[in-house]
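Just so it is clear, none of the values below were taken in a lab; they were calculated from the coordinates. Values in this document were obtained by computation on a predicted structure and should not be read as measured data. Every residue, glycine as well, gets a Cβ built from its backbone with ideal geometry; the counts of neighbours run over all protein chains shown.
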Amino acid sequence: MSDPIAAVVDAVASTAPDVREGLVGRRTYEAGANPSGERQLEADVYADELLEARLLDIDAVTGYASEEREPVVRADGEGQYFVATDPLDGSSNLRSNNAMGTLFGVYDGTLPASGDDLLASGFVLYGPITTMVVARDGVVTESVIDGDGSRRVVTENLTLPDEPTVYGFGGRVPQWTDAFADYVSEVESELKLRYGGAMIADVNQVLTYGGIFGYPGLRERPEGKLRLLFEGHPIAHIVESAGGASSNGERSLLACTPEELHERTPLFVGHETYVDRLEAALSR
Ligand SMILES: O=P(O)(O)OC[C@H]1O[C@](O)(COP(=O)(O)O)[C@@H](O)[C@@H]1O
Ligand SMILES: [Mg+2]
Ligand SMILES: [Mg+2]
């Protein structure tokens, strides 16, 4: 295919029904842990192996990095693109049968990289229906993925609605810093809570209804939980392309370059007014 980014998007879309069908019977933990020290479900490993094989099969893709494996896997050949994935985001929701997703980012060059090096990003949301959101060249498109992997565009140019409505913040409340807790008490009097424990699903609420999602730095874990390369960059690229903002608490996540592949970051995405107020609150 002449458009390598379209080839990556097609590969992720056509893998989505396989991932979805493969969830049944893969709800138990493997013996191992991922590079972030988190226990892996069989479904995490299954999705990772499917994506690795299908993405590295694209001639233009020379490297595959994932939340579920330590190093970047290199393909033979002369491709120039690298794809970073969170194969199953929110996989702890599998046991309770709640929403999850797959996240990916396409970089022109080696990893780790700055978010500004992203050429395209996207996610699949395994909700009551399977949808895919892709950001490319400043435009965000939402599609429905059918059981055979084919896609139908349902929103040509997805943008955040004018009025923010919902918020969701991760981490246990006693672990929040005082500055963040003060900010949340303002937000909760203005917006309504939507938190489901899968970043993709929670951010899709923000894309649909407007508002803010965040997983902050915590008292005992100032770096937060989510990974900059696998979760931060692609979700920031999508939300910023949809007219919103992202932050690590100080600046856009896209302006951040991880020193290590699996580096974590505080993460905030949503309406610019709420992200600006968050940065101001954390700087006090
Ligand atoms: O269980 P918590 O602390 O609310 O954490 C939920 C967060 O962790 C994650 O599940 C981490 O992602 P993975 O499932 O890919 O490890 C996010 O999707 C979600 O926002
Ligand atoms: Mg994740
Ligand atoms: Mg994951």
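Observations on the structure shown:
- Principal axis analysis of the Cα atoms in the range 131-270 yields extents of 46, 38, 26 Å, listed in decreasing size.
- As a rough guide to protection, the peptides 124-133, 93-102 ranked by mean Cβ packing within 10 Å, highest first, stand as 124-133, 93-102.
- The trypsin sites (Lys or Arg not before Pro) of the range 166-275 meeting both criteria, a DSSP state outside H, G, I, E and B (loop) and at most 12 other C-beta atoms within 10 angstrom of the site's C-beta, are Arg172, Arg251.
- For the chain, size of Cβ-based charge dipole, Lys and Arg +1, Asp and Glu -1, in debye: 840
- Rounded to the nearest 10 degrees, the angle from helix 42-56 to the longest Cα principal axis of the chain is 60 degrees.
- Listed by Cβ neighbour count within 10 Å, with the fewest neighbours leading, His262, His271, His237 appear as His262, His271, His237.
- Principal-axis analysis of the Cα atoms of the chain puts helix 199-209 at an angle of about 70° to the longest axis.
- Average projection area in nm² (convex hull over Cα atoms of the chain, one quarter of hull surface): 13.9
- Computed extension gain for Ser185 through Ala53, at 0.36 nm per residue and net of the alpha carbon distance, reaches 42.9 nm.
- Positive end of the dipole of the chain (Cβ unit charges, origin at the Cα centre): among Thr273, Gly115, Gln80, the Cα lying farthest that way belongs to Thr273.
- Model label zone, Lys192; criterion: amide N under 12 Å from point 7 Å along Cα-to-beta-carbon; scope the range 166-184: 166-167
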